[in-house]
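Trainee: To start, I am sharing the structure in question, which I have written as structure tokens.
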Amino acid sequence: MNQERTRLMALPTGHVAGLVSAPGGGAATAKGRAARNGLSDVQSVEFSRNWVDALPEADGGKDWACLSEALYFEARGETVKGQFAVAEVILNRVESGRFPNSVCGVIHQGTGKRYQCQFTYTCDGRAEHIAEPAAYDRVAKVARLILDGKSQALTDGATHYHTTNVNPRWARVYKRTAKIGVHLFYRDNYRTADNS
């Protein structure tokens, strides 16, 4: 596994998901993996690096790999709570009906056109390398936990976020729902019966 992980760390972004995808990749398979690695026994999440780092190594299919990769490039320097919040936005998009209906689809929406994508690291023209294995292991655990429904809602339905060091125009038309670490979280101003 360590030799395989070393290979993964040196690959450009987008290649991680293809390598770690498991056959079947469905919910039953994810539950089996979670049971095998001990993360299914987690009853409540503690938002601390020490707590997450002490958990068993995480694994999963294509959506887990895409989410782990996105968290690494979008939020690895954020607090653990902030990492969960960024992951929550991605899952909120999957559920919203206004974005692609898979984790990988949401993350790679618009990729292929320079700087016209949802997550800049996927379309900035630079090869992304996972150079911090400990940070990747941590966000991979966060990804596994949130995909397994182990975290409470943090962002009040947010589908957008940005760091506090930028002020995008779109932020003026959305409702700000939370500030966690260095990220501000937003949702559409309209609410439907199922998300009020």
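Trainee: Which of the residues belonging to the stretch 159-169 are surrounded by fewer than 18 Cβ atoms within 10 Å (Cβ to Cβ) and in contact with a strand residue (DSSP E or B) (Cβ under 7 Å, 6 or more places away or on another chain)? If you could, list the steps in order and put the result at the bottom.
Mentor: Of the stretch 159-169, the ones surrounded by fewer than 18 Cβ atoms within 10 Å (Cβ to Cβ) are 162-169.
Hits for the stretch 159-169 are H162, T163, T164, P168.
Trainee: Please work out if R172 is assigned to a helix (DSSP H, G or I), free of Cβ contacts under 8 Å to residues at least 40 places away in the same chain and among the charged types (D, E, K, R).
Mentor: Working: assigned to a helix (DSSP H, G or I): yes; free of Cβ contacts under 8 Å to residues at least 40 places away in the same chain: yes; among the charged types (D, E, K, R): yes.
Spelling it out, R172 is indeed assigned to a helix (DSSP H, G or I), free of Cβ contacts under 8 Å to residues at least 40 places away in the same chain and among the charged types (D, E, K, R).
Trainee: Every residue in the stretch 117-132 that is open to solvent by less than 70 Å² (accessible area, probe 1.4 Å) and without any contact (Cβ under 8 Å) to a residue 12 or more places away in the chain, please. It would help to see each step written out before you state the result.
Mentor: Step one: of the stretch 117-132, the residues open to solvent by less than 70 Å² (accessible area, probe 1.4 Å) are 117, 119, 121-125, 127-128, 130.
Hits for the stretch 117-132 are C117, D124, G125.
Trainee: Sort through D156, D137 and tell me the only one that's open to solvent by 40 Å² or more (accessible area, probe 1.4 Å), assigned to a helix (DSSP H, G or I) and at pLDDT 90 or above. Quick ask: steps written out before the conclusion?
Mentor: Details: D156 fails: assigned to a helix (DSSP H, G or I).
Matching residue, one of D156, D137: D137.
Condition check ((1) among the small types (G, A, S); (2) open to solvent by 20 Å² or more (accessible area, probe 1.4 Å); (3) modelled with pLDDT of 95 or more) across all residues:
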residue	(1), (2), (3)
K81	no, yes, yes
R93	no, no, no
G97	yes, yes, no
V103	no, no, yes
Q109	no, yes, no
G112	yes, yes, no
Y115	no, yes, no
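Trainee: Here is a follow-up. Inspect all residues belonging to the stretch 67-80 and state whether any of them is in a helix (DSSP H, G or I), more than 16 Å from G149 (Cβ to Cβ), in contact with a His (Cβ under 8 Å, 6 or more places away or on another chain) and in contact (Cβ under 8 Å) with a residue 60 or more places away in the chain. Show your work before the answer.
Mentor: Taking the stretch 67-80 first, the residues in a helix (DSSP H, G or I) are 67-75, 80.
Checking which are more than 16 Å from G149 (Cβ to Cβ) leaves us with 68-75, 80.
Pick out the ones that are also in contact with a His (Cβ under 8 Å, 6 or more places away or on another chain) and you get 75.
Of the ones still in play, those that are also in contact (Cβ under 8 Å) with a residue 60 or more places away in the chain are 75.
Checking the stretch 67-80: at least one residue is in a helix (DSSP H, G or I), more than 16 Å from G149 (Cβ to Cβ), in contact with a His (Cβ under 8 Å, 6 or more places away or on another chain) and in contact (Cβ under 8 Å) with a residue 60 or more places away in the chain.
The values are calculated or read from the model by the stated rules, or taken from the named source; none is laboratory data. Because the structure is a prediction, the values reported are computed rather than measured. Because the Cβ atoms are built from the backbone with ideal geometry, glycine has one as well, and the counts that use them run over all protein chains shown. The protein model used for the area step is the full one, side chains on, heavy atoms only, and it has no ligands, DNA or RNA in it. Shrake-Rupley method; radii C 1.70, N 1.55, O 1.52, S 1.80 Å.
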